[in-house]
Amino acid sequence: MLIELPYPDKILWPNGRGHWAIKARETKKHREWAKIATLGVAAPGYRHDGSTLAITIRIFPKRYGPVPDRDGVVASCKAFLDGIADAIGANDNCFSAPLVEIAKERDGRFEIEVRS
């Protein structure tokens, strides 16, 4: 399944700085976005069977500015991965280490592909 999500808020990146309460609010919001987006593309009634799931994170960098590094991309997606796990009734420890692909298009969004 392919889940399209917005670019994570800057506070969710490893070098993001901010008050813990703002980070907590953004984490909750991003987790919910991922859960809703996953429910929208998953087969009705789909529940995870416990197998390992392969994750590919495809980043479409913002129009301006530097392209983020791959380990920062994975860290910024923690709330997204938790929301996907919530939607499919899984623990996020069933996800393999994410593969990160950086697209040439620069429109500021993320796609997360989940495969069995």
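When both residues are 6+ apart or on different chains and their Cβ atoms are under 7 Å apart, which pairs have a first residue that lies in the stretch 1-23 and is assigned to a helix (DSSP H, G or I), and a second that is surrounded by 12 or more Cβ atoms within 10 Å (Cβ to Cβ) and among the small types (Gly, Ala, Ser)?
Taking only residues 6 or more apart or on different chains, the pairs are Lys10/Gly16; Ile11/Gly18; Leu12/Ser76; Leu12/Ala79.
For the stretch 89-116, enumerate the residues that are of a type in the set (S, T, N, Q) and more than 15 Å from the chain's Cα centre (by Cα). Write out each step before concluding.
Just the residues of the stretch 89-116 that are of a type in the set (S, T, N, Q), to begin with: 91, 93, 96, 116.
Ser116 - this is the single residue of the stretch 89-116 that is of a type in the set (S, T, N, Q) and more than 15 Å from the chain's Cα centre (by Cα).
Quick check, is Ile55 surrounded by 17 or more Cβ atoms within 10 Å (Cβ to Cβ) and either more than 11 Å from the chain's Cα centre (by Cα) or charged (D, E, K, R) (or both)?
On the way: surrounded by 17 or more Cβ atoms within 10 Å (Cβ to Cβ): yes; either more than 11 Å from the chain's Cα centre (by Cα) or charged (D, E, K, R) (or both): no.
Considered against the rule, which asks whether it is surrounded by 17 or more Cβ atoms within 10 Å (Cβ to Cβ) and either more than 11 Å from the chain's Cα centre (by Cα) or charged (D, E, K, R) (or both), Ile55 comes out as no.
May I ask you to say which residue of Ala34, Ala79 is buried (at least 17 other Cβ atoms within 10 Å of the Cβ), out of contact with any Pro (no Cβ under 8 Å at 6 or more places or on another chain), closer than 25 Å to Lys23 by Cβ and not acidic (Asp, Glu)? Full working, then the answer.
Values: Ala79 fails: out of contact with any Pro (no Cβ under 8 Å at 6 or more places or on another chain).
Criteria check complete, one pass: Ala34.
Would you confirm whether any residue within the stretch 83-97 is in a strand (DSSP E or B), in contact (Cβ under 8 Å) with a residue 60 or more places away in the chain and buried (at least 17 other Cβ atoms within 10 Å of the Cβ)? First the steps, then the outcome.
First pass over the stretch 83-97, keeping only residues in a strand (DSSP E or B): 95.
Adding the requirement that they be in contact (Cβ under 8 Å) with a residue 60 or more places away in the chain leaves none.
So far as the stretch 83-97 goes, no, none of its residues is in a strand (DSSP E or B), in contact (Cβ under 8 Å) with a residue 60 or more places away in the chain and buried (at least 17 other Cβ atoms within 10 Å of the Cβ).
Of the residues that sit in the stretch 105-116 and are touching a Pro at 6+ places or on another chain (Cβ under 9 Å) and assigned to a loop (DSSP other than H, G, I, E, B), which one is nearest to Thr38 (Cα to Cα)? Working first, answer last.
Within the stretch 105-116, the first condition is being touching a Pro at 6+ places or on another chain (Cβ under 9 Å), and the residues that meet it are 105-110, 112.
Filter once more, keeping what is assigned to a loop (DSSP other than H, G, I, E, B): 105-108.
Values: Glu105: 23, Arg106: 23, Asp107: 21, Gly108: 19 Å.
Looking at residues that are touching a Pro at 6+ places or on another chain (Cβ under 9 Å) and assigned to a loop (DSSP other than H, G, I, E, B), I get Gly108.
Kindly check whether there is at least one residue in the stretch 8-21 that is among the hydrophobic types (A, V, I, L, M, F, W, C) and in contact with a Ser or Thr (Cβ under 7 Å, 6 or more places away or on another chain). Write out each step before concluding.
Residues of the stretch 8-21 among the hydrophobic types (A, V, I, L, M, F, W, C): 11-13, 20-21.
If we keep only those that are in contact with a Ser or Thr (Cβ under 7 Å, 6 or more places away or on another chain) as well, we get 12-13.
Scanning the stretch 8-21 turns up at least one residue that is among the hydrophobic types (A, V, I, L, M, F, W, C) and in contact with a Ser or Thr (Cβ under 7 Å, 6 or more places away or on another chain).
Any chance the stretch 5-24 includes a residue that's under 12 Å from the mean Cα position of the chain (by Cα), basic (Lys, Arg), surrounded by 14 or more Cβ atoms within 10 Å (Cβ to Cβ) and modelled with pLDDT of 95 or more?
No, because not a single residue in the stretch 5-24 is under 12 Å from the mean Cα position of the chain (by Cα), basic (Lys, Arg), surrounded by 14 or more Cβ atoms within 10 Å (Cβ to Cβ) and modelled with pLDDT of 95 or more.
Kindly provide the set of residues from the stretch 24-34 that are in contact (Cβ under 8 Å) with a residue 24 or more places away in the chain and either assigned to a loop (DSSP other than H, G, I, E, B) or not charged (D, E, K, R) (or both), ordered by number.
Correct list: Thr27, His30, Trp33, Ala34.
The values are calculated or read from the model by the stated rules, or taken from the named source; none is laboratory data. Please read all numbers here as calculations on a predicted model, not as lab measurements. All Cβ positions, glycine included, derive from the backbone under ideal geometry; neighbour counts span all protein chains shown.
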